[in-house]
1. Restrict the check to region 39-61 and report whether at least one residue is crowded, with 20+ Cβ neighbours inside 10 Å and modelled with pLDDT of 95 or more.
2. Please name all residue pairs, on different chains or six or more residues apart, with Cβ atoms under 8 Å, provided the first residue is in region 85-104 and is within 16 Å of residue 28 (Cβ to Cβ) and the second residue is outside any loop (DSSP other than H, G, I, E, B).
3. If I ask for residues that are within 18 Å of residue 237 (Cβ to Cβ) and surrounded by 17 or more Cβ atoms within 10 Å (Cβ to Cβ), which ones from region 178-194 would you list?
4. Answer with yes or no whether residue 100 is surrounded by 18 or more Cβ atoms within 10 Å (Cβ to Cβ), part of a helix (DSSP H, G or I), at pLDDT 95 or above and under 26 Å from the mean Cα position of the chain (by Cα).
5. Are any of the residues in region 277-300 touching a residue at least 40 places away in the same chain (Cβ under 8 Å) and over 21 Å from residue 190 (Cα atoms)?
6. If you scan region 241-260, which residues turn out to be surrounded by 15 or more Cβ atoms within 10 Å (Cβ to Cβ) and over 20 Å from the mean Cα position of the chain (by Cα)?
7. Spot the failing condition for residue 166; the list is (1) modelled with pLDDT of 95 or more; (2) part of a loop (DSSP other than H, G, I, E, B); (3) under 27 Å from residue 95 (Cα atoms), and only one is missed.
8. Just give me the residues in region 132-150 being in a loop (DSSP other than H, G, I, E, B) and closer than 20 Å to residue 212 by Cβ, in sequence order.
């Protein structure tokens, strides 16, 4: 299994400007004179007999208004990042759009009308407070990192059937509840204030789960229904005992876990003890297990199993003796 532990892990701070916090930014609408230098990628459209530019790049221009874009119905790739947009509803007219970058703006909501072909949407580093209003039927990747979201709602499984990657790092989430997306494979929830893992048990296709830098102390909430989960990042949480790993034994494909910067890392023989609990594990804290570690873990596991059987036998003998004495 490839190491995906650092994929998309960087969390950027919200952009600060002199204008940020003002009640009203100076008007700086997108104007027609700027459009020619922003358009590129000439492609066939419609029946293929005509052509149009389908890429629009308007990033980092301090734009506050994009009403002009209503007429650019053939655009497929739109980059509006690094502006001062508070309203992107003109994009509702761009029904051929495939990708949208609207990160680093002043948006308070990702809501748009359902765009029939939109596959990738990036709303990171805005002021978004809710996940409501994302209803694009072909959406595959949704980035809502570094916003102000406190809970997850409105992500309808019947609509977002293609969504495989959801990024919600750097928000204000206290729980993982509210995510039931049947085809979700990658879930990034690092740098929130999550205390409990709940509502994820039906994510049968989830393979990668990032929960780094939260406030998780127990590993309740995992289920054998999560039969595709291979990688969990729990770095920088509050897990104090390795016994919590018993709650992950039911995950059939779990092969890698990150636990460093948790109190449990201070336990004696940390790496071997983790392997005793999770015997199919291949990597801990991004380092592969050696053959020697695996042999040691197997030997200790077998020794403890024999001791447990012996103890049960002795307890059974005592119970039989007590019963005989009573007779």
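The values are calculated or read from the model by the stated rules, or taken from the named source; none is laboratory data. Just so it is clear, the model here is predicted, and its values are computed rather than measured. As a convention, Cβ positions derive from the backbone with ideal geometry for all residues, glycine included, and neighbour counts pool all protein chains shown.
1. Yes, there is a match, as at least one residue in region 39-61 is crowded, with 20+ Cβ neighbours inside 10 Å and modelled with pLDDT of 95 or more.
2. Matching pairs, first to second residue: 85/65; 87/65; 90/67; 90/68; 90/69; 90/70.
3. 187, 188, 189, 190, 191, 192, 194
4. no
5. The answer is yes; a qualifying residue exists.
6. 242, 244, 245, 247
7. (2)
8. The answer is 144, 145, 146, 147, 148, 149, 150.
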